[in-house]
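Colleague: Would you mind keeping the following structure in view while I ask a few things?
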Amino acid sequence: MPTISQLPSANTISAADEVPISQGGTARATSVGALLASAQPAIIVASPSLLGRTSLGSGGPEQVDVGAGIDLVAGTLVANGLDHAGFQPTSTLSTASELVISNQGSPMLMPASLLRGLFSAGQNVAIDPNGVISATGTLTGGGQAGNPIGDLQALTGLAAQDLVGVSHAGSDYAISYSNFLGGVTIDQAAPAGAASDSDTIWVAQGSNVMAAQSFSAIWIWIAQKLSMYKAPVVEITTDTHLDTTIHNGRILVCSQPITLTPLVNNMGSGFQCTVINASSGSIALGSGFVSSNGSLLLAPWQSASLSCATYSGGTIAFAAMPTAASGTAPPGQVSGLSSLATTPTTITLSWQSPSSGGVVLSYIVQFRPSGTTAWNTSAPVLNATSCQLTALQAATSYDVVVSAQNTSGVGAASAILTVVTASIAPPTLPLQVTGLTANPTSSSTVQLGWAAQTGSSAATSFTVHYKVSGSSDSTSTVTGMTGTGGSISGLQAGTSYDFSVNGVNGVGAGPASATVTAVTLAASAGVTSITWIMVPAGPYAHASGTIGVNAQVSPADSPIQFGFSASATTPPTSWSAATHVNSNLWGAYVPTPMTAGSWYAWAEGLDGSAPTVVQTAFLVQ
């Protein structure tokens, strides 16, 4: 059998030609067409080319072309950028735009806003968030104007901290306006010599432009104004101490009869004012004044000049009094005498000062029962045009006259005024007691309180009536109680009681108050011992505030009460329930006694057990 190399060569090959194959270990023959039916045919395409499938169904590879902007170079796809030529052009670039960049060989998208980060503003240059580059100053390093100065916004004023651009040693700087001017403040200026007419000061005349002005020119202006100056007027209605800040250089019009007192330290040397008495009485000059006529009273519608001066003899407050007000003539007649009010024992009078004669130093008030001839004289009335007569008889008619006097004599008496004192109302029973309250303070004690009474029929003492609520038992009574309350003790624990109170005076007992009800506290465990811890020390102001006390109690949970008594042997009439502080300590704030004297602190159980008193008294002033 010949070998393959010994076989003759076939000049052509067709699908029908047969070749041997081994199929399942058996030599068989098959055609070339059948053998190659499932084999890939040879692919021959021009270089460079890509192969793929662009259609559906059976078939071999198909040539694939690359699109615009892509080239196949030596088996590698490369972007050539030709596709960008077809992009839509844009006329603006915003911070929201995106750019394609190559970052170390890798293509990336970059927001256009990041481009601004590649730049930094230099001297006198700013870049705003929108990327606008602008100049912040008017000078550049070369000293040329960045913007024409006429284009800048004009200011109407400058502050010391404002900045001014300067060029220093070829570099641009900013200097504050205050340092740029280099002005000297008043505390930095050198002391000036004695003032003279040629000295000048800054003034602004018609605008804010400063000009120089001499002292002599200013004085001429002041002198021209002096002729038009008017002294201020101050009205005074109450007693007053003269003070330079309020009264110097003023005209003081006194519309009430008051007293003017000098305070030379506040007035100062050179103080001066004019006083006009526009009241119906005299104006008194207080202690410390020296007057030109020896009188310190200024009559109605007279004036005086008051001055304060310091000289070698010291400082004086001087009053230049009018010559017409000297004491060379007695005062004129008092007028307008009238009664303002009356009571059974008093008459209140008022009058007007004389309108003529000398200065009034005092007034004499005389009175007598109508129909009698002897006059009674009251104490002299100084610096006033009113007084009150006292110690008179009720329902009695009195004649009254008033005269003015000075060192030269007594003026004519006023017309007689007849006044009848008020009658004394007959005594009556007290009114009904009101405002009754009842507060239990222990298992055996209730504290009562009621409203005070006033007037001629007011109660001088009170009677308390009480009994067990709803019972037919007779009522218990406590008499002689004074003030506006008291404590009722000896009651049954946990029991309801009815209380009422009558007021009593010299005529008798008034109507009883409305009935109030209170229930005593329940009985508590008996206290076996009380040990004082904090006791009153004193002294204390009577009827003012409270006094803190506390004590240790056995048994620890047994409540107690505290009180004050003027006796170390007689318990208090009123108590204050204690508060449990902690453990076996109980305390309370007890009202300070209403009257002064020596007092003792007491404590006991709410049922009256274990009464304990501090043997050392404390003082209430």
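The values are calculated or read from the model by the stated rules, or taken from the named source; none is laboratory data. Not measured: the values here are computed from a predicted model. Note that we place each Cβ from the backbone using ideal geometry, even for glycine, and neighbour counts take in every protein chain shown. These area figures cover heavy atoms from the full protein model, side chains too; ligands, DNA and RNA do not enter into them. Shrake-Rupley method; radii C 1.70, N 1.55, O 1.52, S 1.80 Å.
Colleague: Spin-label point model (7 Å from Cα, Cβ direction): what's the Leu7 to Ala159 distance in nm?
Modeller: So the two model labels end up 11.1 nm from each other.
Colleague: If we count every other residue with Cβ under 14 angstrom of Ser444's Cβ, Lys/Arg +1 and Asp/Glu -1, where does the sum land?
Modeller: Residues close to Ser444 contribute a combined charge of -2.
Colleague: Right, next: Restricting to DSSP H runs of at least four residues, report the calculated mean residue ellipticity at 222 nm for the chain, -39500 (n - 2.57) per run over all residues, nearest 500 deg cm²/dmol.
Modeller: -1000 deg cm²/dmol
Colleague: Any idea of Tyr398's accessible area? Nearest 10 Å², probe 1.4 Å.
Modeller: 10
Colleague: What does the accessible area of Thr315 come to, in Å² to the nearest 10, when a probe of 1.4 Å is used?
Modeller: 70
Colleague: How much space per residue, in cubic angstrom, does the convex hull of the C-alpha atoms of the chain take up?
Modeller: Convex hull volume per residue, Cα atoms: 676 Å³.
Colleague: Okay, moving on. Note down the Stokes-Einstein diffusion coefficient of segment 320-399 in µm²/s, whole number, using a Kirkwood radius over alpha carbon pairs, 20 °C, and 1.002 mPa s.
Modeller: 151
Colleague: Next up: By how many nm would the segment from Leu118 to Met228 lengthen if fully extended, with 0.36 nm per residue of separation less the alpha-carbon distance?
Modeller: 32.0 nm
Colleague: Hey, another quick one. Tell me the carbon and sulfur percent of the accessible area for segment 162-236, rounded to whole percent, probe radius 1.4 Å.
Modeller: Of the solvent-accessible surface of segment 162-236, carbon and sulfur hold 60 percent.
Colleague: Could I ask something else about it? Only bridges whose two residues both fall in segment 158-289 count here: according to DSSP, what percent of them are antiparallel, nearest 5?
Modeller: Antiparallel bridges: around 45 percent, rounded to the nearest 5.
Colleague: Return the whole-Å distance between the Cα centroid of segment 298-323 and the Cα centroid of segment 89-103.
Modeller: The distance from the Cα centre of segment 298-323 to that of segment 89-103 comes to 97 Å.
Colleague: Determine the distance separating the Cα centre of segment 231-284 from the Cα centre of segment 547-617; give it in Å without decimals.
Modeller: Value for the Cα centre distance between the two parts: 61 Å.
Colleague: Report, in whole Å, the centroid distance computed from the Cα atoms of segment 402-418 and segment 431-459.
Modeller: About 55 Å separates the Cα centre of segment 402-418 from the one of segment 431-459.
Colleague: Compute the length gained on full extension between Gln393 and Gln333: take 0.36 nm times their separation in residues and subtract their Cα-Cα distance, giving the result in nm to one decimal.
Modeller: In short, 18.7 nm is gained.
Colleague: Once you keep just the Cα pairs under 8 angstrom separated by 6 or more residues, what percentage relative contact order results for the chain?
Modeller: 5
Colleague: How much of the accessible area of segment 407-532, in percent, comes from carbon and sulfur atoms when a 1.4 Å probe is used?
Modeller: Percent of accessible area from carbon and sulfur atoms in segment 407-532: 55.
Colleague: Suppose R0 equals 22 Å; then what is the FRET efficiency for Thr579 and Thr616 from their Cβ-Cβ distance, rounded to the nearest 0.05?
Modeller: 0.35
Colleague: Still on this structure, I have one more. Per residue and in Å³, how big is the convex hull formed by the alpha-carbon atoms of segment 353-424?
Modeller: Measuring per residue, one finds 98 Å³ for the Cα hull of segment 353-424.
Colleague: Still on this structure: Test of understanding: what is the full-extension gain from Lys467 to Ala596, defined as 0.36 nm times their sequence separation minus their Cα-Cα distance?
Modeller: Contour length minus the Cα-Cα distance gives 43.0 nm.
Colleague: Kindly provide the pair-distance distribution of segment 510-621 built from C-alpha pairs, with 5 Å bins from 0 and whole-percent values in order of increasing distance.
Modeller: 2, 13, 22, 22, 16, 12, 8, 4, 2, 0, 0
Colleague: Continuing with this model, one more query. Report the FRET efficiency, 1/(1 + (r/R0)^6), for Val64 and Val100, where r is their Cβ-Cβ distance and R0 is 25 Å, rounded to 0.05.
Modeller: Calculated transfer efficiency: 0.50.
Colleague: Rg and Dmax in Å for segment 467-564, alpha carbons only: what are they?
Modeller: Values for segment 467-564 (Cα only, Rg and Dmax): 18.4, 53 Å.
Colleague: What would the Debye equation give as log₁₀ I(q)/I(0) for segment 1-138 at q = 0.09, 0.13 Å⁻¹, counting only Cα atoms as equal point scatterers?
Modeller: -0.64, -0.91
Colleague: If you wrap a convex hull around the Cα atoms of segment 235-339, how much volume per residue is inside, in Å³?
Modeller: About 104 Å³ per residue, rounded to a whole number.
Colleague: Can you give the angle from 0 to 90° between the axis of helix 215-226 and the longest principal axis of the chain, with both taken from C-alpha atoms, to the nearest 10?
Modeller: The helix 215-226 is inclined about 50 degrees to the chain.
Colleague: What's the ranking of 422-430, 241-249, 20-28 by average number of surrounding C-beta atoms within 10 Å, highest first?
Modeller: Ranking the peptides 422-430, 241-249, 20-28 by packing returns 241-249, 422-430, 20-28.
Colleague: Here's another thing I want to ask about it. So with the 1.4 Å probe, I'd like the accessible area per residue for the chain, rounded to whole Å².
Modeller: Computed with neighbouring chains in place, this is 60 Å² per residue.
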